[in-house]
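The next block holds one structure in the form of C-alpha coordinates; read it before the comments.
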Amino acid sequence: MEGIKTSIYDKREDFNFKIVNFPYLDSNIPKNPAYGIYISQLVRYARICGDKREFKARNKRLSIKLEKQGFKKKILEETFTKFYRSHYDELRKYGSSIKVFREP
(Lines give C-alpha, C1' and ligand atoms only; values in the text may rest on other atoms or scores of the structure.)
Protein backbone atom coordinates (compact mmCIF):
# COMPACT_ATOMS: atom_id res chain seq x y z
CA MET A 1 0.00 0.00 0.00
CA GLU A 2 1.41 3.37 -1.02
CA GLY A 3 1.28 6.50 1.10
CA ILE A 4 -0.37 9.73 0.16
CA LYS A 5 1.43 11.77 -2.49
CA THR A 6 0.88 15.47 -2.84
CA SER A 7 1.61 17.87 -5.66
CA ILE A 8 0.99 21.50 -6.47
CA TYR A 9 -1.93 22.86 -8.43
CA ASP A 10 -1.65 26.47 -9.54
CA LYS A 11 -4.80 27.65 -11.27
CA ARG A 12 -2.84 30.47 -12.92
CA GLU A 13 -1.25 27.84 -15.17
CA ASP A 14 -4.70 27.16 -16.64
CA PHE A 15 -5.27 30.76 -17.76
CA ASN A 16 -4.90 31.52 -21.44
CA PHE A 17 -2.90 34.69 -20.73
CA LYS A 18 0.47 35.39 -19.12
CA ILE A 19 0.59 36.26 -15.44
CA VAL A 20 3.65 37.96 -13.97
CA ASN A 21 4.04 36.73 -10.41
CA PHE A 22 7.82 37.16 -10.05
CA PRO A 23 9.89 40.29 -10.63
CA TYR A 24 11.90 41.04 -13.73
CA LEU A 25 15.54 41.64 -12.90
CA ASP A 26 15.67 44.72 -15.09
CA SER A 27 13.12 46.41 -12.81
CA ASN A 28 14.18 48.67 -9.98
CA ILE A 29 14.77 45.99 -7.31
CA PRO A 30 17.92 44.74 -5.59
CA LYS A 31 19.31 41.58 -7.20
CA ASN A 32 20.06 39.50 -4.09
CA PRO A 33 16.54 39.59 -2.62
CA ALA A 34 15.17 38.74 -6.07
CA TYR A 35 17.12 35.47 -6.03
CA GLY A 36 15.72 34.89 -2.54
CA ILE A 37 12.33 34.49 -4.22
CA TYR A 38 13.75 31.43 -5.96
CA ILE A 39 14.79 29.91 -2.64
CA SER A 40 11.42 30.62 -1.03
CA GLN A 41 9.64 28.88 -3.89
CA LEU A 42 11.99 25.89 -3.66
CA VAL A 43 11.24 25.59 0.06
CA ARG A 44 7.52 25.69 -0.71
CA TYR A 45 7.88 23.04 -3.42
CA ALA A 46 9.97 20.79 -1.18
CA ARG A 47 7.39 20.98 1.59
CA ILE A 48 4.41 20.30 -0.66
CA CYS A 49 5.67 17.85 -3.28
CA GLY A 50 5.61 14.26 -2.11
CA ASP A 51 7.50 13.05 -5.16
CA LYS A 52 11.02 13.89 -6.38
CA ARG A 53 9.86 14.05 -10.02
CA GLU A 54 7.21 16.62 -9.13
CA PHE A 55 9.76 18.73 -7.23
CA LYS A 56 12.22 18.57 -10.13
CA ALA A 57 9.51 19.48 -12.66
CA ARG A 58 8.42 22.47 -10.57
CA ASN A 59 12.02 23.61 -10.14
CA LYS A 60 12.66 23.33 -13.87
CA ARG A 61 9.47 25.24 -14.76
CA LEU A 62 10.32 27.98 -12.26
CA SER A 63 13.95 28.22 -13.44
CA ILE A 64 12.86 28.63 -17.07
CA LYS A 65 10.34 31.30 -16.11
CA LEU A 66 12.91 33.23 -14.06
CA GLU A 67 15.53 33.00 -16.82
CA LYS A 68 13.00 34.53 -19.23
CA GLN A 69 12.63 37.37 -16.74
CA GLY A 70 16.36 38.14 -16.70
CA PHE A 71 17.64 35.85 -13.95
CA LYS A 72 21.06 34.37 -14.73
CA LYS A 73 21.25 30.59 -15.06
CA LYS A 74 24.62 30.38 -13.31
CA ILE A 75 23.36 32.38 -10.32
CA LEU A 76 20.19 30.26 -10.17
CA GLU A 77 22.39 27.15 -10.05
CA GLU A 78 24.51 28.66 -7.26
CA THR A 79 21.33 29.65 -5.43
CA PHE A 80 20.00 26.10 -5.74
CA THR A 81 23.22 24.80 -4.17
CA LYS A 82 22.76 27.26 -1.30
CA PHE A 83 19.16 26.07 -0.92
CA TYR A 84 20.20 22.40 -1.00
CA ARG A 85 22.78 22.91 1.73
CA SER A 86 20.59 25.00 4.03
CA HIS A 87 17.33 23.07 3.53
CA TYR A 88 18.57 19.52 3.26
CA ASP A 89 16.01 18.36 5.83
CA GLU A 90 13.25 19.35 3.39
CA LEU A 91 14.87 17.30 0.60
CA ARG A 92 15.92 14.25 2.59
CA LYS A 93 12.57 12.55 1.89
CA TYR A 94 13.56 12.29 -1.79
CA GLY A 95 16.71 10.33 -0.94
CA SER A 96 18.79 12.01 -3.65
CA SER A 97 22.06 13.85 -3.97
CA ILE A 98 22.32 17.34 -5.41
CA LYS A 99 23.59 15.78 -8.65
CA VAL A 100 20.17 14.14 -9.22
CA PHE A 101 18.40 17.49 -8.92
CA ARG A 102 20.68 19.05 -11.54
CA GLU A 103 19.93 16.38 -14.13
CA PRO A 104 17.35 17.39 -16.75
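Taking residue 41 and the conditions (1) modelled with pLDDT under 90; (2) polar (S, T, N, Q); (3) under 13 Å from the mean Cα position of the chain (by Cα), which numbered condition does it fall short on, given that it satisfies the others?
(1)
Within the stretch 13-32, count every residue that is exposed (fewer than 10 other Cβ atoms within 10 Å of the Cβ) and part of a helix (DSSP H, G or I).
Matching residues across the stretch 13-32 total 3.
Can we say residue 35 is part of a helix (DSSP H, G or I), of a type in the set (Phe, Trp, Tyr) and more than 15 Å from residue 101 (Cα to Cα)? Can you show your working first?
Numbers: part of a helix (DSSP H, G or I): yes; of a type in the set (Phe, Trp, Tyr): yes; more than 15 Å from residue 101 (Cα to Cα): yes.
So residue 35 fits the description; yes.
Please specify each residue of the stretch 1-19 satisfying the condition of being free of Cβ contacts under 8 Å to residues at least 24 places away in the same chain and among the hydrophobic types (A, V, I, L, M, F, W, C).
1, 15, 17, 19
The values are calculated or read from the model by the stated rules, or taken from the named source; none is laboratory data. It should be emphasised that the depicted structure is a prediction, and the values quoted were computed from it without experimental measurement. For neighbour counting, all protein chains shown are included, and Cβ atoms are generated from backbone atoms with ideal geometry for every residue, glycine included.
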